Amino acid sequence: MMQKTTTATGDAAAEIYPLPPMPASDVTPSHPRYLSLMARERIVQGVEAGIASPHGLIAHGRGEAFDYLLNERTHDFASGAVDAGVALLLAARHPVISVNGNVCALAAEELCALAAATGAKLEVNIFHTSAARELAIRSYLERAGAQEVLMPSRTHALQHIDHNRRWIHPEGIHLADVVCVPLEDGDRCQALIRNGKKVVTIDLNPMSRTARAATVTIVDNLTRCLPLMVARAREWQGREESLSEITSGWDNEAALSAAEAALRRMS
Ligand code: ATP
């Protein structure tokens, strides 16, 4: 029987169950599919810990299939998108990173590092409604080093979307000019764009509605490209003025075509 604990916010409403350490596996680094298996382990443990939903397992499997076809490596079209996405986040007035269960389970530490390096706020937003899971995600992000984690409000909503994901924080996505939404579904990405936001997404499927609607789509595994984004953001900090060429010259359609061509060559 797990004991209740309180999150770093000290918020009485934020009582949640402690999460087990991640990941605990007997897969050794010498295994040829070590990284892929560790990511799978993280998602499974994320579900067990109440961070990710069981539906997240299926979404992860879809990502794995695309990654397999992409040879599980970061291609040039993804490196270019990493630069464009980081440039957008650094040049933004109010950048926000939207965090769902899979993203938190896979890469909480790197998300916190990216938020710190770009000055972006972290905001929880999940597909399947669950207040307990929202709190578990916040708690896990805080333990991974987040200074502040915004929660969806019941006062501010995105237009053009009508389910749980429409609720946003007044000082987070509501104010944001650039939103990073890794592993997002198409409705919400399109709604963000229709609300006037620029969107940076990370999605291994270049044909998804999210990939097609976003301003910058990084077709790469979240776990591979986040460290690259953090490194780039740290390198470019303080050079925001000189980044406009990178963002204005970005051709997302060309990057998606290159990614699709790479997939078709492999399949
Ligand atoms: P859309 O609504 O945008 O057409 P979808 O319904 O396929 O997309 P989801 O099922 O919500 O969207 O899945 C999110 C996307 O995240 C999928 O395209 C999947 O390939 C991708 N994905 C899953 N795991 C990862 C990962 N680790 N890194 C990058 N992308 C991933």
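If you filter the range 234-266 down to residues that are of a type in the set (D, E) and within 22 Å of the chain's Cα centre (by Cα), you find that the one that is surrounded by the most Cβ atoms within 10 Å (Cβ to Cβ) is E260. Of the residues making up the range 196-220, those that are near the ligand (Cβ under 8 Å from one of its atoms) and in contact with a Ser or Thr (Cβ under 6 Å, 6 or more places away or on another chain) number 4.
Of the residues making up the range 190-221, those that are surrounded by fewer than 23 Cβ atoms within 10 Å (Cβ to Cβ), closer than 20 Å to H94 by Cβ and touching a residue at least 40 places away in the same chain (Cβ under 8 Å) number 2. Take D187 and decide whether it is closer than 27 Å to A131 by Cβ, open to solvent by 30 Å² or more (accessible area, probe 1.4 Å), within 16 Å of the ligand (Cβ to nearest atom) and in a helix (DSSP H, G or I). Yes, satisfied. Regarding L226, is this residue open to solvent by less than 10 Å² (accessible area, probe 1.4 Å) and at pLDDT below 95? For L226, the condition - open to solvent by less than 10 Å² (accessible area, probe 1.4 Å) and at pLDDT below 95 - is not met.
For A105, the conditions (1) out of contact with any strand residue (DSSP E or B) (no Cβ under 7 Å at 6 or more places or on another chain); (2) at pLDDT below 95 are fulfilled apart from (2). Being away from the ligand (no atom under 13 Å from the Cβ) and either at pLDDT below 95 or over 26 Å from R133 (Cβ atoms) (or both) is a property that does not hold for Y68. Of all residues in the range 152-184, how many are outside any strand (DSSP E or B), surrounded by fewer than 17 Cβ atoms within 10 Å (Cβ to Cβ) and more than 16 Å from the ligand (Cβ to nearest atom)? Within the range 152-184, residues that are outside any strand (DSSP E or B), surrounded by fewer than 17 Cβ atoms within 10 Å (Cβ to Cβ) and more than 16 Å from the ligand (Cβ to nearest atom) number 8. Inspect the range 154-175 for any residue being touching a strand residue (DSSP E or B) at 6+ places or on another chain (Cβ under 7 Å), aliphatic (A, V, I, L, M) and within 15 Å of V82 (Cα to Cα) and give the result as yes or no. Within the range 154-175, not a single residue is touching a strand residue (DSSP E or B) at 6+ places or on another chain (Cβ under 7 Å), aliphatic (A, V, I, L, M) and within 15 Å of V82 (Cα to Cα). Against the criterion of being in contact with a Gly (Cβ under 9 Å, 6 or more places away or on another chain), at pLDDT 95 or above and among the basic types (K, R), R133 qualifies.
Cβ-Cβ distances below 7 Å connect the following pairs, each with a first residue in the range 44-66 that is aromatic (F, W, Y), a second residue that is part of a loop (DSSP other than H, G, I, E, B), and a separation of six or more residues or different chains: F66/L204; F66/N205. For the range 110-151, the set of residues classified as part of a helix (DSSP H, G or I) and either farther than 21 Å from V178 by Cα or of a type in the set (K, R) (or both) consists of A131, A132, R133, E134, L135, A136, I137, R138, S139, Y140, E142, R143, listed by residue number. Do we have any residue at all in the range 90-100 that's more than 11 Å from the ligand (Cβ to nearest atom), crowded, with 18+ Cβ neighbours inside 10 Å, more than 15 Å from the chain's Cα centre (by Cα) and assigned to a helix (DSSP H, G or I)? The answer is yes; a qualifying residue exists. What are the residues in the range 33-55 that are open to solvent by 50 Å² or more (accessible area, probe 1.4 Å), within 12 Å of the ligand (Cβ to nearest atom) and under 18 Å from L70 (Cβ atoms), if any? If the condition is that a residue be open to solvent by 50 Å² or more (accessible area, probe 1.4 Å), within 12 Å of the ligand (Cβ to nearest atom) and under 18 Å from L70 (Cβ atoms), then L35, R40 are the ones that fit.
The values are calculated or read from the model by the stated rules, or taken from the named source; none is laboratory data. Quick caveat: nothing in here was measured; it's all calculated off a predicted structure. Backbone-built Cβ (ideal geometry, glycine too); neighbour counts: all protein chains shown. With ligands, DNA and RNA removed, areas are computed over all heavy atoms of the protein, side chains included. Shrake-Rupley method; radii C 1.70, N 1.55, O 1.52, S 1.80 Å.
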